[in-house]
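Heads up, the thing below is written out as structure tokens.
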Amino acid sequence: MQYRQDPKSGNNLSALGFGCMRLPSSTLGRIDLEASEALVLQAVEQGINYFDTAYLYRGNEEALGIIVERNDLRNRIFIATKLPHSRCETLEDIERFFAEQKARLRTDYFDYYLIHNVTNLTQWDKLVALGIEEWIDRKKRAGEIRQIGFSYHGSQSDFPHLIDAYAWDFCQIQYNYVNVNYQAGRAGLELAASRGLPVIIMEPLLGGKLADGLPPKAVEAFKRCDPTTAPAAWGLRWIWNHPQATVVLSGMGTLEQLTENVACAEHALPNALSDNELACIDDVVDIFDESNKVNCTGCNYCMPCPRGINIPGCFSAYNASFTHGRYEGLKQYVMCTGAGSNDPRWASDCVDCGACVKNCPQHIAIPDELKAVRKRLQPALFPHIIRLGSKLMG
Ligand code: SF4
Ligand code: SF4
């Protein structure tokens, strides 16, 4: 495993971090503890020492806590988790979430603690007004928080203000080769590093889109340049090419993904990509941009929709209709709506209530985009035809 030093704490962090958000789960969304345990143990065995979770990832902190405790891993790994600040109206709320997180993760301290999903300075100012700065000081003095940071999904222009608003120990940003100028972006990465902060990278493969969701033309472009490197490895290598990137989080759900990513992490050193390889990635970006219509990462923060719509599923199908053809998009759309069930939910079921929009870190105008989904993938009478077809087929 390649390790990169956190310049603030001196910790040697594995260049590949384990994003626990996508731990193996059943179809009902319950975490498969046995499979997750096998994966986490294998990750530790392979040298991964940074594990990222959050209060808002359902069942995630509890699962990681059980695995860490029963395998005596606490002193072998760094645990990062996040405060759901949007649910905090008082300092007591913050304290209550923190205590609950310690109980869930079965630990007395967090190595890395983040304010989760900050999108603008006003949110931080609100927490300051509640007294969070003094609270952090107390937690650090007590050794309950070792490093304090934030995860960011706001604009590029707000990022410098947030970086300078507090004496942060680290930050976490979204970064990948199609998001160079999106959110904090490259400018944010360079700014944070220039302030001496370690930078944790999330969404390096844009929710898997840069792994198995690339248009065939983009996959071909990669193959022409290097037939032995898979698209996911291209995406990860591109991030590790940046010396400012300390840890790259990958939400690994299978042993196969883990093995591939670890193998890639061992050799992907800073400034290792050739000019030819960088030019190839530029070509892929052009191809991707042509067909990626909705920038949804599949994070599920917008869910559940009160109307039961599978929002990320609709956007995935919609994008697939451009990257892989309309037939593939239609097929995926029919599956994600539950069209064959007694209670399918179509993009047209959206009543524009807006409940989802405020939770989307990608700032997608979800109801508007669902209208576009409907227009492309749901011709008039389509739901009725599908229902009739299902009935006839029993
Ligand atoms: S705006 Fe539409 S998609 Fe979003 S939560 Fe409301 S009904 Fe669901
Ligand atoms: S629409 Fe936004 S919140 Fe919902 S899954 Fe996509 S990126 Fe996440």
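The values are calculated or read from the model by the stated rules, or taken from the named source; none is laboratory data. If you're wondering where the values come from, they're calculated on a predicted model, not measured in any experiment. When we count neighbours, we look across all protein chains shown, and the Cβ atoms used for this are built from the backbone with ideal geometry, even at glycine. Ligands, DNA and RNA are excluded from the accessible area calculation, which covers all protein heavy atoms including side chains. Shrake-Rupley method; radii C 1.70, N 1.55, O 1.52, S 1.80 Å.
Assorted remarks:
- Qualifying residue in region 347-370 (condition: open to solvent by 40 Å² or more (accessible area, probe 1.4 Å), more than 15 Å from ligand 1 (Cβ to nearest atom) and either assigned by TED's automatic domain parsing to the domain that holds Leu214 or at pLDDT 90 or above (or both)): no
- Test: residue in region 168-179 that is farther than 29 Å from Val68 by Cα, out of contact with any helix residue (DSSP H, G or I) (no Cβ under 6 Å at 6 or more places or on another chain) and open to solvent by less than 20 Å² (accessible area, probe 1.4 Å): yes
- Any chance Ser341 is outside any loop (DSSP other than H, G, I, E, B), without any contact (Cβ under 8 Å) to a residue 60 or more places away in the chain and among the polar types (S, T, N, Q): no
- Residue pairs whose Cβ atoms lie under 8 Å apart, separated by 6 or more positions or on different chains, with the first residue in region 137-157 and of a type in the set (Gly, Ala, Ser) and the second surrounded by 22 or more Cβ atoms within 10 Å (Cβ to Cβ) and in a helix (DSSP H, G or I), are Gly154/Leu162.
- Residue in region 45-59 that is without any contact (Cβ under 8 Å) to a residue 40 or more places away in the chain and assigned to a helix (DSSP H, G or I) present: yes
- For region 229-248, the count of residues that are within 29 Å of Pro24 (Cα to Cα), modelled with pLDDT of 95 or more and touching a Gly at 6+ places or on another chain (Cβ under 7 Å) is at least one.
- Qualifying residues in region 294-307 (those that are under 19 Å from Ser348 (Cα atoms) and in contact with an Asp or Glu (Cβ under 7 Å, 6 or more places away or on another chain)) - the one nearest to ligand 1 (Cβ to nearest atom): Arg307
- Selection of region 294-317 for residues being surrounded by fewer than 18 Cβ atoms within 10 Å (Cβ to Cβ) and more than 7 Å from ligand 2 (Cβ to nearest atom) yields Pro304, Pro306, Arg307, Gly308.
- Reported count of residues in region 186-206, each being in contact with a helix residue (DSSP H, G or I) (Cβ under 8 Å, 6 or more places away or on another chain) and open to solvent by 30 Å² or more (accessible area, probe 1.4 Å), is 3.
- Residue match in region 280-293 (condition: under 21 Å from Gly251 (Cβ atoms), within 20 Å of the chain's Cα centre (by Cα) and within 12 Å of ligand 2 (Cβ to nearest atom)): no
- Applying the condition of being open to solvent by 60 Å² or more (accessible area, probe 1.4 Å) and polar (S, T, N, Q) to region 9-50 and asking which residue is modelled with the lowest pLDDT yields Thr27.
- Criterion (open to solvent by less than 20 Å² (accessible area, probe 1.4 Å), out of contact with any Asp or Glu (no Cβ under 9 Å at 6 or more places or on another chain), at pLDDT 95 or above and among the charged types (D, E, K, R)) met by exactly one of Asp6, Asp111, Asp93: Asp111
- Options Lys358, Lys375: the member that is under 30 Å from Val118 (Cβ atoms) and either more than 16 Å from ligand 2 (Cβ to nearest atom) or assigned to a helix (DSSP H, G or I) (or both): Lys358
- Boolean, Arg76 is surrounded by fewer than 15 Cβ atoms within 10 Å (Cβ to Cβ), in a loop (DSSP other than H, G, I, E, B) and on the phi < 0 side of the Ramachandran plot: yes
- Taken over region 226-238, the criterion of being in contact (Cβ under 8 Å) with a residue 24 or more places away in the chain and surrounded by fewer than 19 Cβ atoms within 10 Å (Cβ to Cβ) is satisfied by Asp226, Ala230.
- Residue within region 328-346 that is small (Gly, Ala, Ser), open to solvent by less than 60 Å² (accessible area, probe 1.4 Å) and within 23 Å of the chain's Cα centre (by Cα) present: no
- Condition met for Glu277 (in contact with an Asp or Glu (Cβ under 8 Å, 6 or more places away or on another chain) and assigned by TED's automatic domain parsing to the domain that holds Tyr177): yes
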